[in-house]
Structure formats: structure tokens, C-alpha cells
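The values are calculated or read from the model by the stated rules, or taken from the named source; none is laboratory data. The structure presented is a predicted model; accordingly, all values stated were derived computationally and were not measured. Here the Cβ positions follow ideal geometry from the backbone for every residue, glycine too, while neighbour counts run over all protein chains shown. Accessible surface is based on the protein model in full, side chains and every heavy atom, while ligands, DNA and RNA are left aside. Shrake-Rupley method; radii C 1.70, N 1.55, O 1.52, S 1.80 Å.
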Amino acid sequence: MLITIPGLLDPDALAGIRTSLEAVGWRDGRITAGVQAARVKSNRQADLSTRTGAELHRRLYDAITGNAIFEAAAQPRKLSKLMVSRTGEGEGYGTHVDNVLMGSGDTRIRTDISFTLFLSDPQDYDGGELTIDWAGMVHSMKLDAGSLLLYPSTSLHRVETVTRGERMVCVGWVESLVRTAEQREILFDLANLRANLSKSLPIEAPEQLALAKITANIRRLWTDS
């Protein structure tokens, strides 16, 4: 399931994050890639270990985890540490699959869902599409700045070579409370149905109560404790 969340960052938040990125250092992106992925990765990553970097990470993390659509679609148990990458002319990230496990100790997660939050306006660079090979189809995505894409970590994907300008994104991974994509899709559909019903029916309406019961009991069956 591919889910697009437009405008996750509003223009003010996006401007503040871009300003903060001007104050961080950058390093070779291959240091965070697996052995196979490092061979096809060519970009730079922000150093988020400084005070400025940590504050930037917090703002991005809060914006992503505080989004209702992200919560409903991903059913997150844990998130990885976020990364901010910068891909300039001639750089990209060849076809790869994400590592199954990321982090260590208490921060280790199983990667069920990957996400990319676009920070650059699409007209500011050529190339740089996120291309996903999935379900017998090829999807090339280049979203507006501030928009986020959720996609399965199980998929082969790549970042096409940037031929003009610079592509800047925030990326991360989710370990979901709900193991399968099919189950998450059903719960997401139920959440959307409940949101639409709320426009015409009060929360105490029988239809709303029945839907709340169905959703809760499905989650009991499918949620890892």
C-alpha cells in the first residue's frame, strides 16, 4: 500500500526546517547503508548529533508522529531515528531493499514500512524521483515539499540520479503494531470510514458505535502486544 500525505509540514514549519538545515554538517551517506546498498548509494546525510541537529530531529519526529493519517496508515509501534539526505547533481541511490533490522538494543526495530518526507520543491531539481518496483508495477514519485510518502520496506526501490539542482528529504522506518500490509490497509479503510461518518452522524449514533466496536475487536485480533 502506497499512502501519500500531502502538506504534512505547513509552509512555516517547512521554512523553519530548511533554515535549521543550513546550520548542520553533512557527511557521506554510505556510512548508514548496508553492505549491498552502500555500493549504489551516492548522497550526503545531515549530522543530527549536535544540539541543532537534535532539535531538528525532534521537530521532524513530532510532525510525523503527530499526523493522524500517518498514525492510521502505519499503526506505528516504533520509529527508527530519522535521517535527512541531500542529493546533488550526478548523485542518486541505486536499486536496493532496506535492511530488515535497524538500530541496536532498545532502539532496534523491524522495518515494515519506509517513508520519505520531501523537503525540496519538485521544480527546484530534475531527476531524483523515488521509484518503487512493487506488485508488478513501477511507481515514480516526486511529491511537493512538505508531503510524505509511505511505502512497504519489502519493496525494491531507488532514487533516480539528480540531473539539476538538489533534492532534500527526511527518511525513516516504522515497525508496525500490525504485521501485514493487508491488515493495515483494512484498518486504514475503517479509520477513513469513521472519519467520513463523523461528518454526518454523532459519535453516539448506533452506526458509529458499531464501527468503533468492529475496529477495536479487529485490532485485538491483529495487534502485536
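May I ask you to list the residues in region 117-132 that are assigned to a strand (DSSP E or B) and over 17 Å from the mean Cα position of the chain (by Cα)? Matches in region 117-132: TYR125, ASP126, GLY127. Within region 79-114, no residue satisfies the criterion of being of a type in the set (Asp, Glu), outside any loop (DSSP other than H, G, I, E, B) and within 15 Å of the chain's Cα centre (by Cα).
Residues of region 192-214 being of a type in the set (D, E, K, R), assigned to a loop (DSSP other than H, G, I, E, B) and either touching a residue at least 40 places away in the same chain (Cβ under 8 Å) or closer than 20 Å to ASN67 by Cα (or both), which ones? Within region 192-214, just LYS199 meets the criteria. For the residues VAL40, VAL24, the requirement of being open to solvent by less than 50 Å² (accessible area, probe 1.4 Å), touching a residue at least 12 places away in the same chain (Cβ under 8 Å) and aliphatic (A, V, I, L, M) singles out VAL24. Selection of region 74-107 for residues being open to solvent by less than 50 Å² (accessible area, probe 1.4 Å) and among the polar types (S, T, N, Q) yields GLN75, SER80, SER85, THR87. Within this structure, GLN75 passes the test of being in contact with a helix residue (DSSP H, G or I) (Cβ under 7 Å, 6 or more places away or on another chain) and modelled with pLDDT of 95 or more. Restricted to region 1-49, the set of strands (runs of 3 or more DSSP E) holding at least 3 residues that are farther than 19 Å from THR87 by Cα, in contact with a helix residue (DSSP H, G or I) (Cβ under 9 Å, 6 or more places away or on another chain) and among the polar types (S, T, N, Q) is empty.
Residue-level analysis places ASP47 outside the set of residues that are among the acidic types (Asp, Glu), buried (at least 18 other Cβ atoms within 10 Å of the Cβ) and touching a strand residue (DSSP E or B) at 6+ places or on another chain (Cβ under 8 Å). Scanning region 51-73 turns up at least one residue that is surrounded by 19 or more Cβ atoms within 10 Å (Cβ to Cβ), touching a residue at least 24 places away in the same chain (Cβ under 8 Å), of a type outside the set (Val, Ile, Thr) and within 18 Å of SER153 (Cα to Cα). Only one of the listed residues (ASP144, ASP112) is touching a residue at least 60 places away in the same chain (Cβ under 8 Å), buried (at least 21 other Cβ atoms within 10 Å of the Cβ) and not basic (Lys, Arg). That residue is ASP112.
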